[in-house]
Structures are given as C-alpha cells and as structure tokens.
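The values are calculated or read from the model by the stated rules, or taken from the named source; none is laboratory data. This structure is a prediction, so every number in the text was calculated from the model and none was measured. Ideal geometry is used to build each Cβ from the backbone, glycine not excepted, and the neighbour counts take in all protein chains shown.
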Amino acid sequence: QALDKLPEGEIKSKVSPNFKPPKGELYSRIENSRGEMGIYIQSPGDSKKPLRVKMRGGSYNQLQVIPEIAKGGKIADLVAIMASMDVIMPEVDR
C-alpha cells in the first residue's frame, strides 16, 4: 500500500553532499536493534567537517550492567551472561 502511494520520479536524499552542520553541539538518540544508540556531534559551524563525532551503541549500555548481574557467579558464567545479553564488543569500541 505504501509503495502504491509513492509519487513517481527521482528519489532525493534529505542530506546533501554539501551538508554543513551548524555551530554548536548536538546529541541525538535513536532506538536500534540492541537498545538505544546515541550520536554526539560538535561543530565549529564554518566547515563541512565536524570537530568531533561520537557514537554509542546499545551494547555499551548492556556491558555496564554485567558487574551487577555477575555478582556471586563464576567466571565461566560470564560467557552465558554475555551471550544472553547479545553484547557485540566491536560496537562497544565505536
């Protein structure tokens, strides 16, 4: 139904290749498959490149609660705990 209602013609991107972020700081969060993902951008406002961009995935938040969940458990239990939480380590290091 949605495809039938799309107008004919070329699809245009919302962000142009000449995107220039405004001066200041911005933090935005969205929901992704592993929880909340946060994006932080800091820009001088006079360049196409921001000064700083940081991304924090949902796995980072999940990793923070492991010490509480693992209290009283054994080291061997950590494998099962991390597997059940679906923590992706490369996402944590982003």
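Any residue at all in the stretch 67-86 that is modelled with pLDDT under 90, polar (S, T, N, Q) and under 30 Å from F19 (Cα atoms)? Taking every residue of the stretch 67-86 in turn, none turns out to be modelled with pLDDT under 90, polar (S, T, N, Q) and under 30 Å from F19 (Cα atoms).
When restricted to residues that are aliphatic (A, V, I, L, M) and more than 28 Å from A80 (Cα to Cα), the stretch 26-70 contains 5.
Scanning the stretch 57-88 for residues that are exposed (fewer than 14 other Cβ atoms within 10 Å of the Cβ) and farther than 30 Å from Y27 by Cα yields a total of 10.
Kindly evaluate I41 against the criterion of being more than 19 Å from the chain's Cα centre (by Cα) and of a type in the set (V, I, T).
Details: more than 19 Å from the chain's Cα centre (by Cα): no; of a type in the set (V, I, T): yes.
In short, no.
If you go through the stretch 8-56 and keep only what is over 28 Å from M89 (Cβ atoms), surrounded by 12 or more Cβ atoms within 10 Å (Cβ to Cβ) and at pLDDT below 85, you end up with K20, P21.
Given the residues I30, I41, which is the only one that is in a strand (DSSP E or B), among the aliphatic types (A, V, I, L, M) and in contact with a Leu (Cβ under 8 Å, 6 or more places away or on another chain)?
Values: I30 fails: in contact with a Leu (Cβ under 8 Å, 6 or more places away or on another chain).
Checking each option against the conditions leaves just I41.
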